[in-house]
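Presented below is the structure to which this report refers.
The values are calculated or read from the model by the stated rules, or taken from the named source; none is laboratory data. In this text, all values refer to a predicted model and were calculated from it rather than measured experimentally. So basically every Cβ, Gly included, is an ideal-geometry build from the backbone, and we count neighbours across all protein chains shown.
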Amino acid sequence: MANAAQHLKITIVGHVDHGKSTLVGRLIYESGSLPDGKYEAIKAMSQRRGMPFEWAFLMDALQAERDQGITIDTTQIRFRTRLRPYVIIDAPGHKEFLKNMVTGAAASDAALLVVDAREGVQEQSRRHGYLLHLLGISQVAVVINKMDLVDYDRKRFDQVASEITQYLCDIGITPSEIVPISAHAGDAIARRTDRMPWYRGATVIETLDRFRLPPDAVDLPLRLPVQDVYKFDDRRIVAGRIESGRLKVGDRLLFSPVNKTARIASIEGWSVRSQPTEAAAGQSVGITLDEHIFVERGQIASHEDRPPVETNVFRARLFWLGHKPLAAGSRYKMKLATAEHQVEVQSVDRVIDVTDLSSRPSQSVARNGVAEITMRARSMLALDEFQRNHRTGRFVLVEGYDIVGGGIVSMEGYPDQRRSLTVKSQNIPNVESQITTEARWRANGHKSGILWLTGLSGAGKTTLAQELERQLFRKGMHVYVLDGDNIRHGLSADLGFSPDDRAENIRRVGEVAALFARAGVVVITAFISPYRSDRDHVRSTAPELFHEIHVKADLAECERRDPKGLYKKARAGQIPDFTGISAPYEPPVSAELVIDTGARDVEGCVADLVEYVGRQFALS
């Protein structure tokens, strides 16, 4: 359970000059949280400079901000109501300081979105609202500020409230309150005034007190990103900050993505009477292990039964802050928890216009843009989907020494690769055949191998596989087709079509195909096999025997053919996770052969396949 004394972190966002800092200054003053003498000091400073007093000066602590009249950096200040303590994060509204706004909002539990009653909803109002959605902040209230400048007109309030409510609801945020205020005059901050007799709703402070405390991080699965490993005398101390969950001496930890395990031998303490035996989220700890396994910075320790995802490819919702556009093929350093990885933008899936929420395909993302992208790493990553664990589901991208983007992790359409990387069978010897594969080749008169046909549903894989099998058989070759539909009637009858089940299906087929190929058979497979990592895994099973063949046809052509009626059902929402519609297809990067069924007829395509087999499978 969350602690009742826990600070609730609130971020204040909105368009520049809509009165965020003024609102924060008023909140501090009205709640009685202003330090002694602060109000008088700011008032005296204003008089010395010949400036009118501004409540915003209570927050704008930087000299540059006073000179320019805008908030540059995020400012954090603590205050409390009668209910509980708060940390308010005043985030800049100016477009050029969007990075700082995101930094502040990312650490928040709830948000106040400030909109000027006279100017109404602006582009930055929508942009900030969308970024709150992007960062997973669902507790949002709206304050319509500067009501004094529109003579406290209820009709104007209703117009602005309707517009911002509609926008927020369209992106999946239901505002808890819409509060009309005048931060300058103090209306509806801590109490309602007779200047708005038509408003009987909550004040800003009452609205804050109605926000819920977030779930305590200790209730989430254990995540301990390794910060470093220190050597003291004969001890190796693994140090890091527990981001979520709890641990105790004797727990068996799994270190991802290397998948090594060991028990906690001790939790080290310095200058304490007795060594601690347990620790929880928020604590920085040093632990020793009962085995000397290799552990290094960036790995994530968890309990074995609730590990993070392991993958080298994932989707991301991203905000882009770089001066140069983000484009497919661009490479960056990704920082997630304590880990750093080299990643490549595999694709820009869609760019989102935050003003009207329309999306469009694009090859790049401009500065301050929001997009959904797919990224691929050179190595395996340990991470969580953002919705499951915010702390290990956020990342930033770095170019040179600058942070150029940040986002949240989604595994939509992609499997957790941990299952395919984990070997559970123990103490089982490898049984080698007494007949070598080369001897089988000589007996059969040809080499064997795996012809792995991959492509979208409707591209023609099964048609080509069956006709190729028929022609090779007529030539006297030992050949057999493993087709996706037939496999699911037997070998994979227990699997569904989720990303994890798809990956397991391909793993099983790959192992069977490798056995067939080593037995001297030309194995033709016809599987969508949408994930590059799965096909690479099959290749690694029998690298000298694997031939990747891309049966190429674009989505529009496959959907036009739709031989099984599957695309129609997928478009109607009857088939979830359907490749090409609601799940990804990753075409081969360097296939041994590409067969374009959109450009050639069946006879021509089969002729190319037969010719390829003749070259690759003939005995020298």
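Just a few scattered comments:
- Failed item, numbered, when G201 is tested on (1) under 20 Å from F79 (Cα atoms); (2) assigned to a loop (DSSP other than H, G, I, E, B): (1)
- Here V551, V538 are screened, and the one residue that is crowded, with 23+ Cβ neighbours inside 10 Å, of a type in the set (A, V, I, L, M, F, W, C) and outside any strand (DSSP E or B) is V538.
- Considering segment 348-435, the qualifying strands (runs of 3 or more DSSP E), each wholly inside and each with 2 or more residues that are touching a Ser or Thr at 6+ places or on another chain (Cβ under 6 Å), at pLDDT 90 or above and not acidic (D, E), run over 370-383.
- Some residue of segment 267-284 being farther than 21 Å from V396 by Cα, part of a loop (DSSP other than H, G, I, E, B) and within 21 Å of the chain's Cα centre (by Cα): no
- In segment 459-505, the residue that is farthest from the chain's Cα centre (by Cα) out of those that are among the basic types (K, R) and crowded, with 20+ Cβ neighbours inside 10 Å is K461.
- Applying the criterion of being without any contact (Cβ under 8 Å) to a residue 60 or more places away in the chain and touching a Leu at 6+ places or on another chain (Cβ under 7 Å) to the residues of segment 130-163, the residue that is farthest from R391 (Cα to Cα) is V142.
- Candidate set: segment 125-167, residues that are touching a His at 6+ places or on another chain (Cβ under 8 Å) and outside any strand (DSSP E or B); chosen: the one modelled with the lowest pLDDT: G136
- From the options G407, G369, residue that is surrounded by 20 or more Cβ atoms within 10 Å (Cβ to Cβ) and within 26 Å of S244 (Cβ to Cβ): G407
- Scan of segment 244-260 for residues that are assigned to a strand (DSSP E or B) and surrounded by 14 or more Cβ atoms within 10 Å (Cβ to Cβ), ordered by number: S244, R246, L247, L253, L254, F255, S256, K260
- Any pair with Cβ under 8 angstrom, 6 or more apart, that starts in segment 264-291 at a residue that is in contact (Cβ under 8 Å) with a residue 40 or more places away in the chain and ends at one that is surrounded by fewer than 17 Cβ atoms within 10 Å (Cβ to Cβ) and among the aromatic types (F, W, Y): G286/Y230
- Hits in segment 175-201 (condition: touching a helix residue (DSSP H, G or I) at 6+ places or on another chain (Cβ under 7 Å) and exposed (fewer than 15 other Cβ atoms within 10 Å of the Cβ)): W198
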